[in-house]
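Here's the structure, in structure tokens; my notes come after.
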Amino acid sequence: MAIKFTEREMIGIRRKLKDYARRTVVHTSMQKITIGDLAKAAGISQSAFYKFYDSKELLFFEIMEDMHSDLAENMNKSLLESSGLPPQERLVQAMRSAIRYMDEIELMRFFQEDVPVILMKMPQEILDKHYHSHDVHIRNALKGSGIEIKVPDDVLSSLIHILAYSLIHKEDCGRQYDLALDVLIRSAGEYVLTGRVPGGV
């Protein structure tokens with residue numbers, strides 16, 4: 001006989017599934033996390049898992065979207081707290097905060113290794129309705145702050161990608177990585193606000 005869950009139980013189990021998935025995927029490949037692992041963490045059977053998600057990838061797609069939302073919230077908080085500062089300093093602080101957040105939760109490992117697999121397995125209608133890359137969330141946060149951006153969206157996205165993906169090679173960059181990253185962020189901030197390459201003619 002199939003087990004029926006109350007609405008309250010459904011909410012609690014879904015939360016347990018997402019909490020375990022998010023905690024685990026920052027240091028373990030999604031492909032190594034089994035439905036059995038997820039079900040055990042939530043206190044349900046493997047067959048009951050499918051009452052909540054049609055696939056493991058759909059669960060991790062939700063995790064990815066939650067990370068995007070948290071990243072945007074992180075930037076919005078920084079931009080709000082720095083509202084009295086000059087635009088360039090606000091931009092620098094917001095970008096620095098976003099990169100620090102990505103580093104703390106090891107977001108880039110997940111995005112580099114697992115997200116391509118997740119996106120490949122998602123139905124197109126779900127991607128069309130829900131998916132936006134992390135640079136789109138950052139870009140929208142900056143635009144919503146009132147800071148005037150003087151470069152095209154694709155250029156801004158490329159800058160964000162370069163800064164974010166530097167985290168993957170952080171250990172290879174040596175002890176002065178933080179200083180070098182700050183120089184890059186400040187240079188990018190100047191360019192984004194003026195449309196002119198720092199030091200250029």
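In the chain, a dipole from Cβ-located charges (positive for Lys and Arg, negative for Asp and Glu) runs towards its positive end, and of L179, T34, I13 it is I13 whose Cα lies farthest in that direction. When the charge dipole of the stretch 1-155 is built from unit charges on Cβ atoms (+1 for Lys and Arg, -1 for Asp and Glu) and taken about the Cα centre, the candidate among L58, Q46, S145 whose Cα reaches farthest toward its positive end is Q46.
Only Lys, Arg, Asp and Glu carry charge here, each on its Cβ (+1 for the first two, -1 for the last two); on that basis the stretch 129-169 has a dipole of about 120 debye about its Cα centre. As a ratio to 2.2 N^0.38 Å, the alpha-carbon radius of gyration computed for the chain takes the value 1.19. Note on K56: lysines with a C-alpha under 28 Å away, same-chain residues under 8 apart excluded, are K4, K16, K18, K32, K40, K121, K129. Its Cα gyration tensor gives the stretch 1-68 an equivalent ellipsoid, and the semi-axes of that ellipsoid, as √(5λ) in whole Å with the largest first, are 20, 13, 10. Assuming charge only on the beta carbon of Lys and Arg (+1) and of Asp and Glu (-1), the dipole of the chain about its Cα centre is about 460 debye to the nearest 20. Semi-axes of the equivalent ellipsoid for the stretch 47-165, computed as √(5λ) from the eigenvalues of its C-alpha gyration tensor and ordered from largest down, come to 30, 14, 13 Å.
The dipole here belongs to the stretch 84-201: it is taken about the Cα centre, uses +1 on the Cβ of Lys and Arg and -1 on the Cβ of Asp and Glu, and is about 320 debye. Surface composition of the chain: carbon plus sulfur atoms contribute 52% of the solvent-accessible area (1.4 Å probe, protein chains only, all chains present). Evaluate the relative contact order of the chain (contact order divided by residue number), counting alpha-carbon pairs under 8 angstrom at least 6 apart; express in whole percent. Averaging sequence separation for qualifying contacts and normalising by length gives 22 percent for the chain. Its relative contact order, with pairs defined as Cα atoms under 8 Å and 6+ residues apart, puts the stretch 65-164 at 39 percent.
The values are calculated or read from the model by the stated rules, or taken from the named source; none is laboratory data. Keep in mind that this is a model prediction, so the values were computed, not measured. When we count neighbours, we look across all protein chains shown, and the Cβ atoms used for this are built from the backbone with ideal geometry, even at glycine. Surface accessibility is based on the protein's heavy atoms, side chains included, excluding ligands, DNA and RNA. Shrake-Rupley method; radii C 1.70, N 1.55, O 1.52, S 1.80 Å.
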